[in-house]
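Asks: Pasting a structure below so you can have a look.
The values are calculated or read from the model by the stated rules, or taken from the named source; none is laboratory data. In this text the structure is predicted, and so the values were computed from the model without any measurement. Cβ placement follows ideal geometry from the backbone for every residue including glycine, while neighbour counts extend to all protein chains displayed. Just the protein is used for accessible areas: all its heavy atoms, side chains included, with ligands, DNA and RNA removed. Shrake-Rupley method; radii C 1.70, N 1.55, O 1.52, S 1.80 Å.
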Amino acid sequence: MQVLNYINGKMQAALNGNTIDNYEPATGHVYGGVPDSDEADVNLAFEAAKAAKISWANTPAEEKFKWLNALADAIDADRENFAIAESRDQGKPLWLARNEMIRSAQNFRFFATAAMQFASESHAMENKAINYTLRQPIGVVGCISPWNLPLYLFSWKIAPALAAGNTVVAKPSEFTSATAHLLGETCVKIGFPAGVLNIVNGLGPKVGQAMVEHKGIKAISFTGGTATGKHIAATAGPMFKKLSLELGGKNPNIIFEDADIEKALKTSINTSFLNQGEICLCGSRLLIHESKYELVRDRIVDEAKKLKVGNPQLDDTRVGAIVSKPHYEKVLSYIELAKQEGGAVLAGGRALQPEGCEGGWFIEPTVIEGLPFDCRTNTEEIFGPVITLMPFKDEEEALAIANATEYGLAATLWTENLTRAHRMAANLEFGIVWINCWLLRDLRTPFGGAKSSGVGREGGWEAMRFFTEPKNVCIALS
Ligand code: NDP
């Protein structure tokens, strides 16, 4: 697939004509190209967004609702194509890509409704004055998304930005631009208003950096690694841009002795290995009460060994390919590090080449035990199909281990003890806590991380508030 930018309602190559090779993770072969855009393309996209700004901001909520739903309908109508493109581009199993396409369309539908429901607040001062707070669009905003859930995370940003009345310059990861390209084509097909959404493809340090540095782009919503987030904050902070940063994680998945063990085990296999462990919410540290340690360990190891790693296009594949060669090498290097740090690999640990995917980047689901809670393997984000196991003796110790990382994105805990569940939830230093479930998402809830996992929250009204500038108007009554 030859990916194109979508600027001012048209599909177009980078102005400089350059492209970057696009690799298929399952084969390791180049199967297309992505525009190697630069500042000039970002400027062009910005000018288009600026020209469309006033008319989109003044478009009635009912019309915005109609357009966002039209995008959702078009994605739904073409779901299989989108899913095939996403799976081929990212390496994830096709069945998983199909689910994500449903959820991507749902993002547009959800925020279409938000456009209709979002309202200003009013504060009365008895007999003195009335205040009302206008929530006005910011203007042109930037959305930068990563490669793990490409269209899902792209739409998760674009949809609220548009619903709040902004025009958008957006950049997907250069590793996974295929579905963003299809979204651009969809906009052309349905006649989406030109300039309202603009998609610029290319490298983060060129295109992303130009967006972050652009004086006219007043807010940046970014999802990606913590190091990139730090760099973006350092650039955008002195420019006083609004920033939402959704960053890395090192999430604990805690199983107490009183848990429904069968349920915990069943979900924990997904928590550990879904999407090759390339979900920021995956639980990469499995903490198990010492009385159940052997039982849970043996079952998790058995289940991990049974997961079929293979061609992402096949229905029975549970674990697909790692997104890129550099990331594949990074994950493998962490498995080596774990061994050097004294860890015992109980399952997986190796690269493999499934039949028909001989050049691809595949790693076995890997389970490691015997590492101290504060070693690098247990504190740094690996973002692959690798988990570590740690026993704990009581609630206090579980909490201490869970919190012993700079990250604070999501924690999962399994217990049938109600008071313990609430105590733990209150004391876990994470933006999201799941109790007896994982990845159960209500799009109205605040989504994001504490500590080095980010700044700000997305989802529901949080996203609508982020993408608007509040202005208080105070009227005296006498
Ligand atoms: P990166 O930080 O490498 O990249 C994220 C995006 O930022 C990409 O589009 C990238 O472009 C771009 N980028 C890179 N450098 C710059 C720059 N200087 N200025 C502006 N943009 C830039 O993250 P990954 O793509 O590797 O994604 C994985 C990370 O994302 C993991 O750490 C994961 O935990 C995190 N994540 C967090 C989530 C959350 O909600 N908290 C959800 C999902 C993932 P390019 O790819 O072209 O270099």
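Asks: Placing +1 at every Lys and Arg Cβ and -1 at every Asp and Glu Cβ, with all other atoms neutral, what dipole size does the stretch 1-53 have around its Cα centre, in debye to the nearest 20?
Replies: 320 debye
Asks: Specify the angular offset, from 0 to 90 degrees and rounded to the nearest 10, of the alpha carbon long axis of helix 226-236 from the longest principal axis of the alpha carbons in the chain.
Replies: The answer is roughly 20 degrees.
Asks: Ok, one more. Count charges around ASP76 for me, please; just the other residues with Cβ under 12 Å from its Cβ, Lys/Arg as +1, Asp/Glu as -1.
Replies: On the way: positive: ARG79, ARG98, ARG103, ARG109; negative: ASP73, ASP78, GLU80.
Here the count lands on +1.
Asks: Still on this model: Around ALA411, which amide H atoms from residues at least 5 apart in sequence, or from another chain, sit under 5 Å from its own amide H, with H modelled in the peptide plane?
Replies: HN-HN under 5 Å from ALA411: ILE432, VAL433, TRP434.
Asks: Looking at the chain, what % of its DSSP beta bridges pair antiparallel, to the nearest 5?
Replies: The antiparallel proportion sits near 45 percent.
Asks: Here's a follow-up. Quick one: accessible area per residue over the stretch 371-432, 1.4 Å probe, rounded to a whole number of Å²? Mind dumping the intermediate values first?
Replies: Working: 2390 Å² over 62 residues.
Here the per-residue accessible area is 39 Å².
Asks: Stick to Cα atoms and the Kirkwood definition of Rh, then tell me Rg/Rh for the stretch 275-370.
Replies: Details: Rg = 14.0 Å, Rh = 14.3 Å.
Radius of gyration relative to Kirkwood radius: 0.97.
Asks: By how many nm would the segment from GLU396 to GLU126 lengthen if fully extended, with 0.36 nm per residue of separation less the alpha-carbon distance? Intermediate values should be presented prior to the final figure.
Replies: Numbers: separation 270, 0.36 × 270 = 97.20 nm, distance 4.91 nm.
My answer for the length gained is 92.3 nm.
Asks: In the stretch 1-132, if the dipole is taken from +1 on Lys/Arg beta carbons and -1 on Asp/Glu beta carbons about the Cα centre, which of PHE65, ALA105, PHE82 is farthest to the positive end?
Replies: Result: PHE65.
Asks: Report, in debye and to the nearest 20, how large the dipole of the stretch 211-281 comes out about its Cα centre when Lys and Arg carry +1 and Asp and Glu carry -1 on their Cβ.
Replies: Working: 8 positive and 7 negative charges, 130 e Å.
Charge dipole of the stretch 211-281: 620 debye, to the nearest 20.
Asks: Compute the convex hull volume of the Cα atoms of the chain, divide it by the residue count, and report the result per residue in Å³ as a whole number. Could you put the intermediate results ahead of the total?
Replies: On the way: hull volume 69.8 nm³, N = 478.
It is 146 Å³ per residue.
Asks: Give me the percent relative contact order of the chain, please, defined on Cα pairs under 8 angstrom at least 6 residues apart.
Replies: 19 percent
Asks: Specify which residue in the list GLN313, ILE232, LEU477 is farthest towards the positive end of the charge dipole of the chain, using unit charges on the beta carbon of Lys, Arg (+1) and Asp, Glu (-1), about the Cα centre.
Replies: Final value for the positive-end residue is LEU477.
Asks: Work from the charge dipole of the chain (Cβ charges, +1 for Lys and Arg, -1 for Asp and Glu, about the Cα centre) and give the residue of LEU274, TRP361, SER122 farthest towards its positive end.
Replies: Final value for the positive-end residue is SER122.
Asks: Given the Cα-Cα distance of ASN472 and ALA119 and 0.36 nm per residue of separation, how much length would full extension add, in nm? If you can, show how the numbers build up before the last one.
Replies: On the way: separation 353, 0.36 × 353 = 127.08 nm, distance 1.33 nm.
So the extension gain works out to 125.7 nm.
Asks: Here is a further query. My understanding is that a pair violates if its Cα-Cα distance is over 20 Å; which of LYS10/LYS218; LYS263/LYS292; LYS305/LYS330 do that in this structure?
Replies: On the way: LYS10/LYS218 24 Å; LYS263/LYS292 14 Å; LYS305/LYS330 22 Å.
From LYS10/LYS218; LYS263/LYS292; LYS305/LYS330, over 20 Å: LYS10/LYS218; LYS305/LYS330.
Asks: Can you divide the C-alpha Rg of the stretch 400-478 by 2.2 N^0.38 Å and report the result to two decimal places?
Replies: Working: Rg = 17.1 Å, N = 79, 2.2 N^0.38 = 11.6 Å.
Normalised Rg, Cα atoms only: 1.48.
Asks: Kindly express, to the nearest 10 degrees and within the range 0 to 90, the angle between helix 325-340's C-alpha long axis and the longest C-alpha principal axis of the chain.
Replies: Around 40 degrees separate the two axes.
Asks: For the chain, what does -39500 (n - 2.57) per DSSP helix run (n ≥ 4), summed and divided by total residues, give at 222 nm, in deg cm²/dmol to the nearest 500?
Replies: Mean residue ellipticity, 222 nm, calculated: -12500 deg cm²/dmol.
Asks: Taking amide hydrogens as modeled 1.01 Å from N in the peptide plane, which residues meet the under 5 Å criterion relative to GLY33, leaving out close sequence neighbours?
Replies: GLN2, VAL3, ASN22
Asks: Identify all aspartates and glutamates with a Cα-Cα distance to LYS241 below 16 Å; exclude those on the same chain that are fewer than 8 residues away in sequence.
Replies: Partners found: GLU213, GLU469.
Asks: Can you give me the relative contact order of the stretch 400-467 as a percent, contacts being Cα pairs under 8 Å and 6 or more apart?
Replies: It rounds to 33 percent for the stretch 400-467.
Asks: About its Cα centre, what dipole magnitude does the chain give when the only charges are +1 on Lys and Arg Cβ and -1 on Asp and Glu Cβ, stated in debye to the nearest 20?
Replies: Working: 47 positive and 55 negative charges, 276 e Å.
Its charge dipole is roughly 1320 debye.
Asks: Restricted to Cα positions, what overall size does the stretch 43-129 have along the principal axes? Three whole-Å values, descending.
Replies: Dimensions of the stretch 43-129 along the principal axes of its Cα atoms: 63, 33, 21 Å.
Asks: What ranking do 317-325, 419-427 get when scored by the average of other Cβ atoms within 10 Å per residue, highest first?
Replies: Values: 317-325: 23.9, 419-427: 13.7.
Listed from highest to lowest mean packing, they are 317-325, 419-427.
Asks: I've got another one for you. Could you check how much of the accessible area of the stretch 210-265 is carbon and sulfur, as a whole percent, using a 1.4 Å probe?
Replies: Numbers: 1290 of 2060 Å².
Summing carbon and sulfur atoms, their accessible area is 63 percent of the total for the stretch 210-265.
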